[in-house]
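Reading through the structure tokens given below for one structure.
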Amino acid sequence: MTTVLVTNESRAKEYIDEVFSQLKQKNSHQPEFLQAAEEILFSLAPVFAQHPEYIEHNILARIVEPDRIVSFRVAWQDDNNQVQVNRGYRVQFNNVIGPYKGGLRYHPTVNESIMKFLAFEQIFKNALTGQPIGGGKGGSDFNPKGKSDAEIMRFCQAFMTELYRHIGPDVDVPAGDIGVGAREVGFLWGQYKRIRGSYEAGVLTGKKPGYGGSLGRKEATGYGLIYFVAEMLREKNESFLNKTVVVSGSGNVAIYAIEKAQAYGAKVVACSDSAGYIYDSEGIDLAVVKEIKELKGDRIKTYLNYRPNAEYHEGCTGIWNIPCDIALPCATQNEINGDAARTLIANGTKFVAEGANMPSDLEAINEYLANDIYFGPGKAANAGGVAVSALEMAQNSGRNYWSFNKVDEKLQDIMKDIYTESKEAAEKYGTPGNLVVGSNIAGFVKVANGMVAEGVY
Ligand code: NDP
Ligand code: 2IT
């Protein structure tokens, strides 16, 4: 028996090594995708040791190759009547457990590597939600900063004029991400409806409530993160009450994470944007942050105009030097490296959970795990947004609306279930307390079983 296990273990490791080395060769110019794949692949060794049938079906080599990637030209006219050109993407990675599902990102850094890393993560995240949604992601290198409403609208219309032929309520359902919120989803939706000539509400999520959108979607990622962290805290006989919290970013995820953390009695002392961070020792005034970011679209620096006793620091990485009990990165990928993680550890941080996708690099994750930080990885901790997107799809299919409380209660249950499943998978596969391994395995097994069931095509 022991020999069989050892053989299985070494065969599992060999198999993963083999798939990853081929992946590196094929995608050597895609560092973010390789980073996401490395984290997931190597955490799956215990699963392959116990399930050699996944090796027989060559699940790993199949799951790392997207079903398809669509890349297209987006030409649009700016307010000076100049024609601008951007590149649009949709990565349809895996639709084994439901239509492709994932957000759209508008940011100048968007490229195929970033799209693929996000879509790959989304497969496992979406599986974890327990909702029938596959994994996808899209976006453009379009920079929304400084653009007028009319320019944003024309860009969204031009983007949808190509994207519409690749999506549909049962095919692929985009939503928001960085640079794409309810305003952009509204413009995209209007154009889709115009082209298709039918009211297919479930083709996009994150719409405004009253026009097909779900109550609670705007808050879902941030609130869901806090519900997840509440479970992590409960595990250690702790709570949010009087904890010092640092949240990076000041966008959709950050704002609603701050709101719920404060409602649970935490003191949130800092947040940021891509230019710098603010520190308010008395606790962030969220009404001010909302006015700056949601109403005015201004820089976080202007917080000092309302709260002169706060501090502003240029550059966003310094935020991790602020001592805190709980760190919640909610801005973007790779915002915490090994050095920042060591600073958090030295300052006594005990909990890190990711509102953003892949904000901690591999070195940072290894530091957390080796130093008794209880770590909630993004694909589990930030799954609340896409989970409520799936609830929006359900409402659209049923042609009805649910109350905020009904959605919020379902979100709380989903986040608790994700926590429990991740924790139990970590225990079952021999790494108790390691939610990275636990969430990767719990998500992977659902998709892998579906792939075995549907056969090779
Ligand atoms: P927003 O566009 O609403 O906000 C993004 C925030 O992050 C802004 O404060 C922005 O600053 C900052 N930011 C963006 N890019 C960078 C960068 N390169 N360096 C430093 N700061 C940066 O996006 P969201 O809040 O929706 O998304 C934040 C993160 O959460 C992303 O990783 C996203 O993938 C993830 N996520 C989002 C979900 C959702 O439902 N929206 C669901 C799950 C995960 P500035 O204003 O200066 O650009
Ligand atoms: O990263 C994410 O999970 C999102 N941006 C949300 C995707 C969605 O379809 O709601």
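Please treat every number below as a calculation from the coordinates, not as lab data. Quick caveat: nothing in here was measured; it's all calculated off a predicted structure. Cβ: placed from backbone, ideal geometry, glycine included. Neighbour counts: every protein chain shown.
Give the order of Lys243, Lys24 when sorted by the count of other beta carbons within 10 angstrom, beginning with the fewest.
Lys24, Lys243
Using the Cα gyration tensor of region 21-66, with a ≥ b ≥ c the square roots of its eigenvalues, what is the shape: rounded (a/c below 1.5), prolate (a/b larger than b/c) or oblate (neither)?
Numbers: a/c = 2.89, a/b = 1.79, b/c = 1.62.
Here region 21-66 falls in the prolate category.
Could you count how many Lys pairs in region 154-261 have their Cα atoms under 30 Å apart, skipping same-chain pairs fewer than 8 positions apart?
Number of lysine pairs found: 12.
Indicate the gyration tensor shape class of region 316-370 (rounded, prolate or oblate), computed on the Cα atoms with a ≥ b ≥ c the square roots of the eigenvalues: a/c under 1.5 is rounded; otherwise a/b larger than b/c is prolate and the rest oblate.
Verdict is rounded for region 316-370.
Quick one: work out Rg over Rh on the C-alpha atoms of region 344-457, Rh as Kirkwood radius.
Radius of gyration over Kirkwood radius for region 344-457 works out to 1.05.
Can you return the lysines within cross-link range of Lys125? Criterion is Cα-Cα under 16 Å, with same-chain partners fewer than 8 residues away left out.
By straight Cα distance, Lys125 reaches Lys101, Lys116, Lys137, Lys379, Lys416, Lys423, Lys446.
Across the Cα atoms of region 1-113, what radius of gyration and what greatest pairwise Cα-Cα distance (Dmax) are found, in Å?
Every Cα atom of region 1-113 included, Rg and Dmax give 19.3, 74 Å.
Arg183: net charge of surrounding residues, Cβ under 11 Å, Lys/Arg +1, Asp/Glu -1, itself excluded? The partial results should precede the final answer.
Numbers: positive: Lys207, Lys208; negative: Asp149, Glu184, Glu294.
Value of the local net charge: -1.
Please compute the Kirkwood hydrodynamic radius over the chain, one decimal place, Å, based on all pairs of different Cα atoms.
Taking every pair of different Cα atoms in the chain, averaging 1/r and inverting gives 22.3 Å.
At 222 nm, what helix-only mean residue ellipticity would the chain give, in deg cm²/dmol to the nearest 500, using -39500 (n - 2.57) for each DSSP H run of four or more?
-15500 deg cm²/dmol
With 10 angstrom as the radius, rank Cys271, Cys316 by how many other C-beta atoms surround their C-beta, starting from the fewest.
Lowest count first: Cys316, Cys271.
Given contacts defined as C-alpha pairs under 8 Å and at least six residues apart, what's the relative contact order of the chain, whole-number percent?
15
Counting other C-beta atoms within 10 Å, which of Lys410, Lys145, Lys428, Lys293 has the fewest, and how do the rest follow?
Lys145, Lys428, Lys410, Lys293
Mind listing the phi-derived Karplus ³J(HN,Hα) values for region 221-238, rounded to whole Hz, using 6.51, -1.76 and 1.60 with θ = phi - 60°, and x for any glycine or proline?
5, x, 4, x, 4, 5, 4, 5, 5, 4, 5, 4, 5, 4, 4, 9, 6, 10
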